[in-house]
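Read the structure below first, then the notes.
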Amino acid sequence: MAGGKIFLREARFLQIAASQYSQRGCLLLLQTRRHLAKTCPSAAKIAPPRRPREKVEIPGLEVITYGERMHYVPGLAKPVYPPWERDYKDPGYCKSPPAHEMALFKEKPCYMFNQRTNLLEGVRQAAWLTKSQVNAGLPPQLLTLAESLESQVEDQSERVQNAIKHARFWDTTESRPNKKQYSKTLLLNLLHLCATFQSSSSALRRRIFAENYSLSAMWRRGEDLFQVRGQNGLLQCSMDALPQVSEEKDISSTVEHVLETFYPVSPTIDLQKADVYKEENCTGFRDDYMYPHAHTLYFLEATDPQWKLKPEQFRAKMLMFAFGNALARAHKLYGTEPQSLLKRPITVQSVGTNGRIFNFLVFQLNTTDLVQDDGIKNQVWLDADVDLYDFAKVRPLIKKKEVKVPAGLSGYKPETFRKFLALYLHGSV
C-alpha cells in the first residue's frame, strides 16, 4: 500500500510539471509570434528633437535671472556669463585668433603640396605644376651604367636574394611580416649592399643620409602661388652635385613640348588652400651644411597606413618632392628671381618601393621661370612598376592539388637591382 501511494504522488507531480511545461511553451510560442508580427516603426519610435526656446529680448527691460541665488529657480531666466579668460598662458587651452588677425595672413592664397597630398591626375598633374616634360624609362647613360654593373659585386644575385629573404622571411617572429616592416628592411638591406662600393670609390665617402628633415619651396604658376613643404623620405646628401643628365641641345628642344592639360579638372585640385603661410625657401639644412646637394630620395609606399596612396599618386609624390629639393637648392644658388635657363641644371633622383615593385625617377631642373607654359621645360625620366621579384611565399600556393607558386623566393629579376645600383653610383663612376 505504501508503494502504491508513493507511485500515485509521483504521477501527480509529473502531471503538474507537464501542464506547466505546456503552458510555458505556448506562452513562448505566442511571444515569438507576437515579436515576429511587429513592424519596425511600431517596435521603436524615435522621439522628435526638441525645439530650442526663442530668446525674447525687450529693449528697456532687464531680464531677471537666478544667478544671484546660485541655484535653479523655476520661472527665472538662465544667467549668461562672460567667457572666462585665464591670466596665464596654457598651451592645452590656447584659442587661436581669427585667420585675418594672424601675422602671417595673406590676401593671396597659396596651394600647398605635402607628403599626404593625393593628386587626382597623378603624374600628369605633377608635370603641369612643375612645368616638366615626362620621358618613359631612365636616361641612356644610366642604362649603360646599369648594364656595366652586372658583375661588379661578388656573388651579386645571391646576396640580393639573401637580402630579400631576410626582409620577407627571417626578420620576424611571426608567420609573416607586414608590408611596412619588410619594405623598410629591404630598402635598408639594398642600401647596405650598395655601400660595399665605398672602399673602391672615394666619391661615395662624401655622402650621408638624412631623415625627417623639413623642406619648403615656393613658385608661381600662372596666377597662382604654390608651395611644396613638409617631411619626405630618406635623403642621400652629397658634397658634390649630380652631373646634368640632358645636354644643351636636348634642353633647347623642350621649347617645342606642349604640356598636357586635363581640362575641365582644375590643376589646383586636391591641393591644400591656405591663407596663413610663410613665404620661404628652405632645403631643411643650415647654410654651412657640409652636404648641401640632394642626391637621391628614397620613398616607402607603406609608411602611413591611414594615408596610403595609389601607385599613380605615389609617383606624383616622388616627382613633386624631387622638384621641391631641386628648386630650393636653385633658390639658394641663383636667388628667387625666375630664370629662363639655369647656368647649371640641378639633378635630383628619386626611388620608391613597396617592398616588391620599384619606381625610378630622375628630375632635372632647367628653369625656374614657371609662370607661363611656353619656353624651356624641366625634364623627368620615369621608369615605373619594375618588379624585383614575383613571389615570396611562406607557404606554397596550391590550387586543385597542384602547386602554383612554390614556397620561398621565386622570379628574381637582377636587372632591377642593377638599376637601383646605377642610381646609387651615379656621379661617382
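The values are calculated or read from the model by the stated rules, or taken from the named source; none is laboratory data. Predicted, not measured: the structure shown is a model, and the values here were computed from it. Every residue, glycine among them, receives a Cβ derived from its backbone with ideal geometry; neighbour counts consider all protein chains shown. With ligands, DNA and RNA removed, areas are computed over all heavy atoms of the protein, side chains included. Shrake-Rupley method; radii C 1.70, N 1.55, O 1.52, S 1.80 Å.
Against the definition (over 12 Å from the mean Cα position of the chain (by Cα), polar (S, T, N, Q) and either on the phi < 0 side of the Ramachandran plot or not in a loop (DSSP other than H, G, I, E, B) (or both)), how does Thr303 come out, yes or no?
Values: over 12 Å from the mean Cα position of the chain (by Cα): no; polar (S, T, N, Q): yes; either on the phi < 0 side of the Ramachandran plot or not in a loop (DSSP other than H, G, I, E, B) (or both): yes.
Considered against the rule, which asks whether it is over 12 Å from the mean Cα position of the chain (by Cα), polar (S, T, N, Q) and either on the phi < 0 side of the Ramachandran plot or not in a loop (DSSP other than H, G, I, E, B) (or both), Thr303 comes out as no.
So which residues in region 277-300 are within 30 Å of Gly355 (Cα to Cα), assigned to a strand (DSSP E or B) and under 23 Å from the mean Cα position of the chain (by Cα)? Spell out how you get there, then give the answer.
From region 277-300, those within 30 Å of Gly355 (Cα to Cα) are 283-285, 291-300; that's our starting set.
Subsequent filtering for residues that are assigned to a strand (DSSP E or B) retains 293-300.
If the condition is that a residue be within 30 Å of Gly355 (Cα to Cα), assigned to a strand (DSSP E or B) and under 23 Å from the mean Cα position of the chain (by Cα), then Ala294, His295, Thr296, Leu297, Tyr298, Phe299, Leu300 are the ones that fit.
What do you reckon, is Phe209 in contact (Cβ under 8 Å) with a residue 24 or more places away in the chain, in contact with a helix residue (DSSP H, G or I) (Cβ under 9 Å, 6 or more places away or on another chain) and either open to solvent by 20 Å² or more (accessible area, probe 1.4 Å) or assigned to a loop (DSSP other than H, G, I, E, B) (or both)?
On the way: in contact (Cβ under 8 Å) with a residue 24 or more places away in the chain: yes; in contact with a helix residue (DSSP H, G or I) (Cβ under 9 Å, 6 or more places away or on another chain): yes; either open to solvent by 20 Å² or more (accessible area, probe 1.4 Å) or assigned to a loop (DSSP other than H, G, I, E, B) (or both): yes.
So Phe209 passes the test.
Can you find a residue that is in a loop (DSSP other than H, G, I, E, B), in contact with a Phe, Trp or Tyr (Cβ under 7 Å, 6 or more places away or on another chain), open to solvent by less than 50 Å² (accessible area, probe 1.4 Å) and in contact (Cβ under 8 Å) with a residue 40 or more places away in the chain anywhere in region 220-242?
Initially, region 220-242 is screened for residues in a loop (DSSP other than H, G, I, E, B), giving 222-223, 232-233, 239-242.
If we keep only those that are in contact with a Phe, Trp or Tyr (Cβ under 7 Å, 6 or more places away or on another chain) too, we end up with 232-233, 239.
Remaining after also requiring open to solvent by less than 50 Å² (accessible area, probe 1.4 Å): 232-233.
Right, trim to in contact (Cβ under 8 Å) with a residue 40 or more places away in the chain and you get 232-233.
Taking every residue of region 220-242 in turn, at least one turns out to be in a loop (DSSP other than H, G, I, E, B), in contact with a Phe, Trp or Tyr (Cβ under 7 Å, 6 or more places away or on another chain), open to solvent by less than 50 Å² (accessible area, probe 1.4 Å) and in contact (Cβ under 8 Å) with a residue 40 or more places away in the chain.
Which of the numbered conditions does Lys273 fail, given that it passes all the others? Conditions: (1) within 29 Å of Leu204 (Cα to Cα); (2) open to solvent by 10 Å² or more (accessible area, probe 1.4 Å); (3) in a strand (DSSP E or B).
Tallying (1) within 29 Å of Leu204 (Cα to Cα); (2) open to solvent by 10 Å² or more (accessible area, probe 1.4 Å); (3) in a strand (DSSP E or B), Lys273 fails exactly one: (1).
How about region 306-413: which strands (runs of 3 or more DSSP E) wholly inside it have at least 1 residues that are free of Cβ contacts under 8 Å to residues at least 24 places away in the same chain, aliphatic (A, V, I, L, M) and on the phi > 0 side of the Ramachandran plot? Reasoning before the result, please.
On the way: elements: 346-353, 357-365, 378-387, 391-393, 397-399, 402-405, 408-410.
Fully inside region 306-413 and qualifying: nothing.
Hey, could you check region 251-266 for residues that are touching a strand residue (DSSP E or B) at 6+ places or on another chain (Cβ under 8 Å) and not in a loop (DSSP other than H, G, I, E, B) and say which is surrounded by the most Cβ atoms within 10 Å (Cβ to Cβ)?
Ile251
For region 341-374, which positions are open to solvent by 30 Å² or more (accessible area, probe 1.4 Å) and either within 12 Å of Ser246 (Cβ to Cβ) or touching a helix residue (DSSP H, G or I) at 6+ places or on another chain (Cβ under 9 Å) (or both)?
Matches in region 341-374: Leu341, Lys343, Arg344, Arg356, Ile357, Asp373, Asp374.
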